[in-house]
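Some notes on the structure that comes next.
None of the figures in this text is laboratory data; all of them are computed from the coordinates on show. Predicted model, so just to flag it, every value in this text is computed and none were measured. Using ideal geometry, Cβ is built from the backbone for each residue, glycine included, and neighbour counts are taken over all protein chains shown.
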Amino acid sequence: MILNKYLRPEVFPTPFCPGCGHGILLQAVLRAIDELSLDINKMVFVSGIGCAAWIPSPHFAADTLHTTHGRPIAFATGIKLFNPSLKVVVISGDGDISAIGGNHLIHAARRNLEITVICANNSIYGMTGGQVGPTTPMRAKTATTPQGNPEPSFDLCGLVRGAGASCIARATVHHTRELIKYIKKAFTHQGFSFIDVISPCFTQFGRRNKEISGASPAEMILNLKKLCVHVKSSDELFTFKQNDKILIGEFVK
Ligand code: SF4
């Protein structure tokens, strides 16, 4: 397979649950690298803790830094400042990037630091047991909100837009062509780029919320087609929560 040259064969199969969106995201990142003919030896992938952190580490045959919970953007900042010629990419989960590491996210966006942050957003803390997170939709059931989440969720694209990010997009693992296109744009952007990737977790989110997600992992991914609305202008970002739809597209370019 064309992407095998970017992978460490000894670590397969992946630890992801059957139907997890992270395997699709893994492939989309590598496809973007291949289509741009980037030299993976001049890239560094940084992740924190959680299922999404396993996407680059240990799977990519590249320099990877698997850091502490919530801190990948802080480590990425250090790498970029030490050697600006490297392409530095953070791939981690929504709990890692927007909750524990939320402060690093807003300040990297404010500084317009030239790194790419790819947030694998599964709306929950997956690896640690399915606890509610800042990206969990209101009313969704989790291990710690069995009666439903009483709080509104965070719109990560709106957050980084407010902080000053200069390249922002949202895609899902169902919309793979667009996902690869946005990753390619992020990799060639001179400034801070952020992609919110909706990547379903049936194990921790879907099985507790079958009325939203569907009865199986496959249905959960297929349902993304019905739940998503393509953006027509960046101002629509702030209507994201309306009618429980997910707004996807490029918000700032
Ligand atoms: S717990 Fe969820 S996010 Fe983690 S590997 Fe399983 S399906 Fe994927």
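Observations on the structure shown:
- Extending 7 Å from the Cα toward the beta-carbon at both E114 and K253 defines two label points whose distance is 2.1 nm.
- Amide H contacts of V44 (H built 1.01 Å from N, under 5 Å, at least 5 apart or other chain): K87, V88, V89
- In a fully extended conformation the segment linking D244 and R8 would gain 81.0 nm over its present Cα-Cα distance, using 0.36 nm per residue.
- Put simply, the amide H of G93, placed in the peptide plane, has neighbours under 5 Å in G48, A52, A53, A120, leaving out anything fewer than 5 places away on its chain.
- Net charge dipole size for the stretch 39-131 [Lys, Arg +1 and Asp, Glu -1 on Cβ; Debye, nearest 20]: 220
- For the chain, the residue among S57, I40, A171 whose Cα projects farthest onto the positive side of the dipole built from Cβ charges is A171.
- Among beta bridges from DSSP that stay inside the stretch 20-252, the antiparallel ones total about 10%.
- Sorted peptide list for 52-60, 221-229, criterion being average Cβ within 10 angstrom, highest first: 52-60, 221-229
- Applying 1/(1 + (r/R0)^6) with r as the Cβ-Cβ distance of K225 and C17 and R0 = 22 angstrom yields a FRET efficiency of 0.55.
- Ellipticity estimate at 222 nm from DSSP helix runs (n ≥ 4, -39,500 (n - 2.57)) divided over the chain, nearest 500: -8500 deg cm²/dmol
- Using only side-chain charges placed at the Cβ, +1 for Lys and Arg and -1 for Asp and Glu, the dipole size of the chain relative to its Cα centre rounds to 200 debye.
- Seen from V88, the other residues with C-beta closer than 9 Å to its C-beta sum to a net charge of +1, counting Lys and Arg as +1 and Asp and Glu as -1.
- The residues neighbouring Y182, those whose beta-carbon lies less than 9 Å from its own, together hold a net charge of +2 under the Lys/Arg +1, Asp/Glu -1 convention.
- Local charge for A53 was computed over the other residues whose Cβ lies under 14 Å away, with Lys and Arg +1 and Asp and Glu -1, and equals -1.
- Ordered from longest to shortest, the equivalent ellipsoid semi-axes for the chain are 26, 21, 17 Å, each the square root of 5 times a Cα gyration tensor eigenvalue.
- Approximate spin-label separation L81-M138, in nm, with each point projected 7 Å along Cα-to-Cβ: 3.9
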